[in-house]
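Data block below; observations after.
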Amino acid sequence: MISPFDRKNAFASALDHLALRALILTLCVAYFSFLWESGASSMIAGLSLFALICLSIMLFEKRTLSVRDRLLRERIGGMIALDELIMLPSGEANRRICALLRSTLDADELDETTMRYGGETWLIRLSQCLPGTTASQGDVLGAHRARMECGADKVALVCTASFSPEATRAAEWADPPVRLIGGRQLALLFGRMHPATDEDITRHLARQKKPFTWQRIKALALAPSKLRRYLLCAFLLLMLYFVTRSLSSLLACLLSFWLAILCGRENRRRFTL
């Protein structure tokens, strides 16, 4: 989604639209003037062509806006579904995944975790991982063993995040190979089946909106990774002061050194038992 800082304001957008329409009108009238060399006829024909082009642009923008709105609703709907899926009990989450795949593939239901598709019995397994984490090769091997225990022909392992390279290699090594479905593809399927409503989008944005508090500013400014940067800045500014004898360089050097001291004290306090 576009942030308010990246979006044009209303006045700039209106000027852009006005300039574009004026350019199109000028080109239309100039085109017919070049062909006919008649002022009145060229003006009428140019205005007619201008109206047709403006109508085409309006219809194209309306269609593009509807497509963007649909894609946005599908994306947010998929994100909401994944967030809910992570917090559900494993049995209920597995049943939801199996129902989603059955409705998407038009497969036959056998029980809550298996389905009949393409003349084969598929076992559906789910790995509930937090965003930013990956499913391991142990999850893949566990899905393969579960397929052998239940007697299914094939198994599909679904993950709410992504798969590690080792898990991908283990899935290809298994016989038959384990079908992997990652969180991005899963969110896309959920979003197509259950696009977000206006209320869902409002709740999702309100939950993700974090106030910029003093604690966040302090945590960012005094992060452990900033200590060496502050010391390097202080050293460079001190060298600049020796060369230029600038008071502002000395003050900036002292400020960087003071921030480095605060950063070191904060980190020692953070790791004290």
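A few remarks follow.
- Rounded to 5, the percent of DSSP beta bridges in the chain classed as antiparallel: 35 percent
- Dividing the summed helix terms, -39500 (n - 2.57) for each DSSP H run of n ≥ 4, by the number of residues in the chain produces a 222 nm estimate of -23500 deg cm²/dmol to the nearest 500.
- Accessible surface, per residue, of the chain when the full set of protein chains is kept, probe 1.4 Å, Å²: 68 Å²
- Lysine-lysine proximity count for the chain, Cα under 21 Å, sequence distance 8 or more or distinct chains: 4
- Residues of the range 172-203 falling in the label zone of LYS154, defined by backbone nitrogen less than 16 Å from a point 7 Å along Cα to beta-carbon, are 172-182.
- Residues LEU130 and GLU266, FRET efficiency given R0 of 25 Å [Cβ-Cβ distance, rounded to 0.05]: 0.40
- In the range 39-111, taking the dipole from charged Cβ atoms about the Cα centre, the farthest positive-side position among ALA51, LEU101, GLY78 is held by ALA51.
- Net charge contributed by nearby residues that have their C-beta within less than 12 Å of VAL155 (K/R +1, D/E -1): 0
- The chain: C-alpha gyration tensor shape, a/c 1.5 cut-off, then a/b vs b/c: oblate
- Inter-label distance, nm, simple model (7 Å from Cα along the C-beta direction), THR64/LEU205: 2.1 nm
- Taking a ≥ b ≥ c as the square roots of the eigenvalues of the alpha carbon gyration tensor, the range 88-178 is oblate, as a/c is not under 1.5 and a/b does not beat b/c.
- Cα gyration tensor shape of the range 144-183, rounded if a/c is under 1.5, else prolate or oblate by comparing a/b with b/c: oblate
- For the chain, the fraction of 1.4 Å probe accessible surface lying on carbon and sulfur atoms is 63 percent.
The values are calculated or read from the model by the stated rules, or taken from the named source; none is laboratory data. Predicted, not measured: the structure shown is a model, and the values here were computed from it. Please note: Cβ atoms are built from the backbone with ideal geometry, for glycine as well, and neighbour counts cover all protein chains shown. Calculation scope for accessible area: heavy atoms of the full protein, side chains included, ligands and nucleic acids excluded. Shrake-Rupley method; radii C 1.70, N 1.55, O 1.52, S 1.80 Å.
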